[in-house]
Amino acid sequence: MSRASRWGLFAGVSAICLLGTTGAALAQNSGEVVEDIVVTASKRETNLQSTALAVSAVDGETLAEQQVTGIDGLAQMMPNVNFGQTTGNARIAVRGVGFDNLSVGNEGRVAFHVDGVYVSRPAGALSTLYDIERVEVLRGPQGTLYGRNATGGAVNVIPNGPTREAEGYLNATFGNYNLRRFEGALSGPLSDSVSARITFQTADRDGYGRNITNGLDIDDLSTRAVRGALRFDLSPAADLTLSADYMEQDDHAYGFVLMGPGSLPDSGLGLPGAPLKGVLQGGAVAADPRDSAADIGPFNNREFWGVGAELNLDFGGVDFTSVTGYRSSSWRLTSDLDATSARMTYYEQLEDSEQVSQEFRLSRDWGGGDWMLGAYYFQEELFGGTLIPFDPSVLTPIPPLPPLTSLRQGFFGLGYIDTEAAAVFGHVRFQLSDAWALRVGGRYSEETKDIDEVNKIDPATPWPPYAPVFPPTPPGVHQTTSASWSGFTPSLTLEYQPHDDLFLYASYSEGFKSGGFNLGNAQPPFDEEEITAYEIGLRADWMNGRLRTNATGFFYEYSNLQVSKINGPVVTIENAAEANLYGAEFEITALPTANLRIDANIALLESEYENYTSADPARALLGPIDLSGNQLYQAPGYTVNLAVSYDIPTSVGDFTLRAEGRWIDQVYFTPFNLEHVSQPAHEVFNAFLLYDAPSGAWNASLFVRNIADDRSISSALVGSGLVGFPLVGSYDPPRTYGVQLGYRF
């Protein structure tokens, strides 16, 4: 779709949304209306249709029906939201602002929260979704209320809480690739003032591919998760909720698969793409793209757990909220770096983190509006890094030259990084008249990072290849230092609501992501990012509530983007000077009849670097390349999501047929916008048949996702020149299908 076509679509859909607001009283009410959704995106309960934020929400029942068990599945439900993963770290991108870092110890640009607690580790965002009340995705910088690392937006996962009435459920799911998933929950009162909930999930699946060298499944799944909560109703004006969760994963997921050579004719050599070094060393490659021929792994082990407490007090009209959280994250990933059967090298990444966070909020509704004041503190201790041992063949010239057998050690980059962040924030909303309101807010943030790291590349010290640990000497480059950053992020929003079915707003906001260190690479600190956003929004219900049309337009000025790239065995991070993004989003829900429902969202996005010059390590002879005008990574020009469901009530139960489609434009995975390091425009289709028994206790569903078995790329990168610049990455899941059986009580 050309740029002109995309913006022609924008004009047409905008006209529909605007004309719809004038026809609110023209249709007869059929008794069916689009349901209201209560969200906590503004850290208070509000109706989504009168919330001056670009926010989408999906409830847990919908997630379960559509077999969405991770955040990657949310992309088919929300506009301008894209997900991927690299080495087991979530790549969440909202409106082209996402996470591209390849080294450990860094944080994303979309803040991820569970039960109100910020989860700092991108790997933690890949934990499974189960027994969920609601997931909210906020689009755009959330500098006032969410602060750190929310320049792209925020994801809020709200699990189901304890109930005052006894209830529970059990679900069992079976599918192809030998999928077995079991999930259940039990909730109810322990006394007049105490209620509890406990829930679990186990999931196992064979791999989507196989390592033809060692026989291991790859991209398989084995997870165990449990969560519990206790709610204490201390008084009519006070309640306390304690929560805990645990999740472990032990499988062969997240390893790279080989997608081809990464060095192509435009490498600057004027020659065809260089053969993979592993192939030159006699290594094999897999014929099936989903398979691997790696000589090692992959091995994926991870463990996440946490505890939290939320206290709510009502001081006679002034509400006090305290949210306390502790989280622990630990993961190890071992995978082949050259992605062939040649015994050249592998990489191991590891990360261990412990974080503590505390937020206090005071808020009040008053006759002329409402206000909120808050303070936030975050502290994290993290150890991590990357190990890459070199077989002599890595540093051997192209055969038939003899191997340099004395060169055996490799790369070692490990260290500690401690983060301490604090912020104060607040906003006040003035009700200027019955229809007009003005909201003013701001947040001041300070962040300090201390680092103690060792980086060494020592090919001269002999040691057994593929040794489990690296020798302690030589010391390499040892860096111990600290750096601090601070920023003020204001916001200003004008609201207009002439009647209950129409709400409009215009906002100005800023976002701030602190600078940091590239752990294990002994690199000077990189600078903080800043983003300035302008946004307008329209929320409209018409045809007596049977049609909802929401539209949003935005423009971003983005500076000091933190961009990572591979240089030999190390990952470097640099700041791109400037970028601009602008676009539009439409969310439409229609109930043409009592049994038919249509959900559609359309997102248009233009993004480009305004001032950025960088060298591509895989095309070094070209020297510095002007990337001005290039599209940002994970920033497709358009995405369209469409879902149609039809209810069929019968005497033996209610059936629902649902069909989904997603159309997405080309996605680049590096700022160099190379065709072979991208996912071309494609589409994905899903289908579901749902059944609910007349008693309401039993339910079942049949599902098939990715009907056409499309092989789309989740992420891709050009690997190290030490192993011949292989193009490696990961794919989205293939066609999956199965049956789910459920019982509610």
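The relative contact order of the chain, computed from alpha carbon pairs under 8 Å that lie at least 6 residues apart in sequence, is 13 percent.
Within a 10 angstrom radius of the beta carbon, how do Phe360, Phe688 rank from fewest other beta carbons to most? Can you show the working numbers first?
Details: Phe360 16, Phe688 20.
Fewest-to-most Cβ neighbours within 10 Å comes out as Phe360, Phe688.
Karplus-derived 3J(HN,Hα) values for the stretch 734-745, using 6.51 cos²θ - 1.76 cosθ + 1.60 with θ = phi - 60°, are x, 5, 10, 8, x, 9, 10, 10, x, 9, 10, 9 Hz; glycine and proline are entered as x.
Along the stretch 145-161 the Karplus relation, 6.51 cos²θ - 1.76 cosθ + 1.60 evaluated at θ = phi - 60°, assigns HN-Hα couplings of 8, 10, x, 4, 6, 10, 5, x, x, 8, 10, 10, 9, 10, x, 5, x Hz to successive residues, with x for each Gly and Pro. Placing dummy labels 7 Å off each Cα toward the beta-carbon, the span from Thr448 to Leu432 is 4.2 nm.
Report the net charge of residues surrounding Glu528, where surrounding means a beta-carbon distance below 13 angstrom and charges are Lys +1, Arg +1, Asp -1, Glu -1. Let's see the in-between values first.
Values: positive: Arg109, Arg148, Lys449, Lys513; negative: Glu107, Glu446, Glu447, Glu510, Asp527, Glu529, Glu530.
Its environment carries a net charge of -3.
A straight chain from Arg290 to Leu240 at 0.36 nm per residue would run longer than the Cα-Cα distance by 13.2 nm.
Counted residue by residue at 0.36 nm each, then reduced by the alpha carbon distance between them, the extension gain from Leu362 to His676 reaches 107.9 nm.
Given R₀ = 25 Å, FRET efficiency for Leu702-Asp59 by Cβ-Cβ distance, to 0.05? Let's see the in-between values first.
Numbers: r = 21 Å, r/R0 = 0.84.
So, using R0 = 25 Å, E works out to roughly 0.75.
A Cβ-based charge dipole, computed about the Cα centre of the chain with Lys and Arg at +1 and Asp and Glu at -1, lands at about 900 debye.
If r is the Cβ-Cβ distance from Ala693 to Val194 and R0 is 41 Å, what FRET efficiency results, to the nearest 0.05? Each step should come with its number before you reach the end.
On the way: r = 33 Å, r/R0 = 0.80.
E between Ala693 and Val194, to the nearest 0.05, is 0.80.
Out of Gly228, Gly487, Val257, whose Cα points farthest toward the positive end of the dipole of the chain (charges: +1 Lys, Arg; -1 Asp, Glu; placed on Cβ)? In the chain, that residue is Val257. Each of Val33, Val94 was scored by other Cβ atoms within 10 Å of its Cβ. Listed from fewest to most, they are Val33, Val94.
Shown for Ser235, Ser328: other C-beta atoms within 10 Å of each C-beta, ranked fewest to most, produce the order Ser235, Ser328. In terms of its Cα atoms, the chain spans 83, 60, 57 Å along the principal axes, sorted from long to short. What is the log10 of I(q)/I(0) for the stretch 170-241, computed with the Debye formula using one identical point scatterer on each Cα and no solvent, at q = 0.23, 0.27 Å⁻¹? One equal scatterer on each Cα of the stretch 170-241 leads to -0.97, -1.11.
Length gained on full extension, Asn47 to Glu35: 3.3 nm, using 0.36 nm per residue less the C-alpha separation.
From the P(r) of the stretch 142-192, can you give the percent of Cα pairs sitting at distances over 18 Å?
Values: 798 of 1275 pairs.
Result for the distance tail: 63 percent.
Give me the net charge of Lys277's neighbourhood, meaning all other residues with Cβ under 15 Å from the Cβ of Lys277; Lys, Arg count +1, Asp, Glu -1. Please list the in-between numbers first.
Working: positive: Arg343; negative: Asp295, Asp336, Asp338, Asp391.
In short, -3.
Of all lysines in the structure, the ones whose alpha carbon falls short of 16 Å from that of Lys513, not counting any fewer than 8 places away in one chain, are Lys449. Charge tally around Glu587: other residues with Cβ under 10 Å, Lys/Arg +1 each, Asp/Glu -1 each, net 0.
Since every read-out is calculated from the coordinates, none of them should be taken as a lab result. The shown structure was predicted, so the numbers you read here are calculated from the model rather than taken from an experiment. Counting neighbours? That spans all protein chains shown, and the Cβs are built from the backbone with ideal geometry, glycine included.
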